Amino acid sequence: MTDKKTIFSGIQPSGALTLGNYLGAIKNWTSMQEDYQSIFCVVDLHAITVPKEPKDLRKNTLEVLANYIAAGLDPDKAILFVQSHVPAHAELAWVLDCFAYFGELSRMTQFKDKSQKQVGNINAGLFNYPVLMAADILLYNTDLVPVGEDQRQHLELARDIAQRFNNRFSPTFAVPEPYISKIGAKVMSLQDPTSKMSKSDDNQNSYILLSDDDDTIRRKFKRAVTDSIGVVNYSEDQPGVKNMIDMMAKISGRSVESITEDYLGQGYAKLKEDTAEVVIQEIAPIREEATRLLQDKKYLETIYQKGADRAEAIAMKMLRKVYKKVGFVPRR
Ligand code: TYM
């Protein structure tokens, strides 16, 4: 073990990854992996809260893992694994279910949104989803959870559950902090820049997928919705323009001020073209590497098997501690 602090995060294998997943989550992970004990999961248990074809789930799970590696996560440093391979996640989730309240789970905005989208299938998994997420995080004594803005409420719940459990018994879980970067934590839709970019959007032009080819990316940016002001400013009143400046800033590491200055006196067409090129330069190599990795299933298998072994060793220690605290009789 190291004395480094621990980060944990995960992505659902519920379809191709978006530029939002990349800029809001994965890109931060790659820069943090040097300084933290890093654990990144493909959260397949979470994914089945929305109906999935088994063959698609299998395919998407490997795709997410391949993209993690292609984007620069180093399997020798970070622990990369598949959630269902470590049963302690589901087991701790059950215990934590008994420390989570119906009222607080009912207030989760993501539960409310998703329930509206699947009125005929508001299953208990969808409701308990944030408790499983708390289990993911708390199993590893996680200090920091790098996520996009939309996960903030779930993180707060994980903190509440950790504190509740610690108070009821004795200090058991580290109380995790969210890590939500200032730029890129909420990448907006290209078609409606007042709402989040999401792969579940019906309009394919609203999102960029990491698997999109260069011309598709150019076309989607060309069609991006802006406003009728016609001058490039970094302002809440111009969310479409702001979204593109944010993307450039997040990818290049430059300040939004200096990027905005570059476009003084220029129209939106140039901003759209340049943003598309910056995005392509960043994600085309990831797409190519992920495609290559996906042809080598054996390699991916060794990565997720090794990852699960390492994760399980940590997770089982915590699960045993929790079982003991709540009063379960040990098997041996
Ligand atoms: P998921 O799979 O919906 O999204 C994965 C990550 O991508 C971020 N994200 C975005 N960031 C910026 N702009 C966007 N438009 C955008 N869309 C998505 C999300 O904030 C997230 O960080 N519940 C989680 C998965 C999860 C998890 C965990 C995360 C399960 N257990 C434990 C952290 C720790 C989820 O559904 O993310």
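The values are calculated or read from the model by the stated rules, or taken from the named source; none is laboratory data. Everything numeric in this text was worked out from a predicted model, so none of it was measured. Reconstructed Cβ throughout: ideal geometry from the backbone, glycine too, with neighbour counts over all protein chains shown. In case anyone asks, the SASA skips ligands and DNA or RNA and just uses the protein heavy atoms, side chains included. Shrake-Rupley method; radii C 1.70, N 1.55, O 1.52, S 1.80 Å.
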(request) Note the angle between two axes, namely the Cα long axis of helix 88-97 and the longest principal axis of the Cα atoms of the chain, as a number of degrees from 0 to 90, rounded to the nearest 10. (result) 80 degrees
(request) Could you look at the range 204-291 and say what percent of its accessible area is carbon and sulfur, using a 1.4 Å probe and all protein chains? (result) 47 percent
(request) Among 173, 32, 16, flag the residue with its Cα farthest along the positive direction of the charge dipole of the chain, charges on Cβ as +1 for Lys/Arg and -1 for Asp/Glu. (result) 173
(request) Can you check what the net charge comes to around residue 218, using other residues whose Cβ is under 15 Å from the Cβ of residue 218 (Lys, Arg +1; Asp, Glu -1)? (result) -1
(request) Please determine, in degrees from 0 to 90 and to the nearest 10, the orientation of helix 297-326 with respect to the longest principal axis defined by the Cα atoms of the chain, where the helix direction is its Cα long axis. (result) 50 degrees
(request) Could you let me know the centre-to-centre spacing of the range 174-202 and the range 68-123, using Cα atoms, in angstrom? (result) 17 Å
(request) Putting +1 on Lys and Arg Cβ atoms and -1 on Asp and Glu Cβ atoms, find which of 271, 154, 183 reaches farthest to the positive end of the dipole of the chain. (result) 154
(request) Extending each Cα 7 Å along its Cβ direction at residue 227 and residue 3, get the distance between those two points in nm, one decimal. (result) 5.1 nm
(message) Springs between alpha-carbon pairs under 10 angstrom, Gaussian network model over the chain: which of 143, 113, 309 fluctuates most?
(response) 113
(message) Using helices alone, I'd like the mean residue ellipticity at 222 nm for the chain: each DSSP H run of four-plus residues gives -39500 (n - 2.57), total over residue count, nearest 500.
(response) -16500 deg cm²/dmol
(request) Compute the distribution of all C-alpha to C-alpha distances in the range 204-291, in bins of 10 Å from 0, and list the percent of pairs in each, rounded to whole numbers. (result) 17, 50, 27, 5, 0
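Which value, in debye to the nearest 20, gives the size of the charge dipole of the range 95-150 about its Cα centre, when Lys and Arg are +1 and Asp and Glu are -1 at the Cβ? Write out the running numbers ahead of the final one.
Numbers: 4 positive and 7 negative charges, 60 e Å.
For the range 95-150, the charge dipole is close to 280 debye.
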(request) Taking all protein chains together and a probe of 1.4 Å, list 282, 261, 34 from the most accessible to the least accessible. (result) 261, 34, 282
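Sort 284-290, 88-94 by the packing proxy (mean of other Cβ within 10 Å over each peptide's residues), most packed first.
On the way: 284-290: 16.9, 88-94: 18.9.
Taking the mean over residues of other Cβ atoms within 10 Å, the ranking is 88-94, 284-290.
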(request) Name the shape class, rounded, prolate or oblate, that the alpha-carbon gyration tensor gives for the chain, where a ≥ b ≥ c are the square roots of its eigenvalues, rounded holds for a/c under 1.5, and otherwise prolate holds if a/b is larger than b/c and oblate otherwise. (result) prolate
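About its Cα centre, what dipole magnitude does the range 204-291 give when the only charges are +1 on Lys and Arg Cβ and -1 on Asp and Glu Cβ, stated in debye to the nearest 20?
Working: 11 positive and 17 negative charges, 50 e Å.
Around 240 debye, computed over the range 204-291.
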(request) Could you tell me how many degrees, from 0 to 90 and to the nearest 10, lie between the Cα long axis of helix 152-168 and the main elongation axis, the longest principal axis, of the Cα atoms of the chain? (result) 20 degrees
(request) Using label points projected 7 Å from each Cα along Cα→Cβ, tell me how many nm separate residue 192 and residue 77, to one decimal. (result) 3.9 nm
(request) Determine how large the accessible area of residue 159 is when every protein chain is in place; take a 1.4 Å probe and give Å² rounded to the nearest 10. (result) 60 Å²
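As a test of reading the structure, rank 328, 102, 169, 40 by solvent-accessible area (1.4 Å probe, protein chains only), most first.
Details: 328 105, 102 150, 169 55, 40 0 Å².
Of 328, 102, 169, 40, the descending order of accessible area is 102, 328, 169, 40.
Can you tally the net charge around residue 238? Count Lys and Arg as +1, Asp and Glu as -1, for every other residue whose Cβ sits under 12 Å from the Cβ of residue 238.
Details: positive: 242; negative: 227, 236, 237, 246.
With Lys, Arg at +1 and Asp, Glu at -1, the neighbours total -3.
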(request) Specify which residue in the list 286, 232, 252 is farthest towards the positive end of the charge dipole of the range 204-291, using unit charges on the beta carbon of Lys, Arg (+1) and Asp, Glu (-1), about the Cα centre. (result) 232
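With the Cα gyration tensor of the range 81-230 giving a ≥ b ≥ c as the square roots of its eigenvalues, does the rule (a/c under 1.5 for rounded; else a/b larger than b/c for prolate; else oblate) give rounded, prolate or oblate?
Details: a/c = 2.27, a/b = 2.00, b/c = 1.13.
Taking the square roots of the gyration eigenvalues as a ≥ b ≥ c, the range 81-230 is prolate.
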(message) What's the magnitude of the charge dipole for the chain around its Cα centre, counting Lys and Arg as +1 and Asp and Glu as -1 at the beta-carbon? Answer in Debye, nearest 20.
(response) 1360 debye
(request) Among 115, 31, 228, determine the one that fluctuates most according to a GNM of the chain built with springs between C-alpha atoms less than 10 Å apart. (result) 228
(request) Please figure out what share of the DSSP beta bridges in the chain is antiparallel and state it in percent, rounded to the nearest 5. (result) 10 percent
(message) Explain nothing, just the number: relative contact order of the range 1-117, from Cα pairs under 8 Å at least 6 residues apart, as a whole percent.
(response) 29 percent
(request) Could you list which residues have their amide H under 5 Å from that of residue 227, counting only those 5 or more apart in sequence or on another chain, with H placed in the peptide plane? (result) none
(request) Provide the FRET efficiency to the nearest 0.05 for the residue 321-residue 289 pair, computing r from the beta carbons and using R0 = 45 Å. (result) 0.70
(message) Pick from 147, 131, 225 the residue whose mean-square fluctuation is largest in a GNM of the chain, springs joining Cα atoms under 10 Å.
(response) 225
(request) Using only Cα atoms, locate the centre of the range 136-160 and the centre of the range 219-282, then give the distance between them in Å, rounded to an integer. (result) 31 Å
(message) So if each residue of separation counts as 0.36 nm, and I subtract the Cα-Cα distance between residue 115 and residue 264, what length gain in nm does that give?
(response) 49.2 nm
(request) Would you calculate the separation in nanometres between label points at residue 53 and residue 305, each defined as 7 Å from the Cα along the Cα-to-beta-carbon direction? (result) 2.9 nm
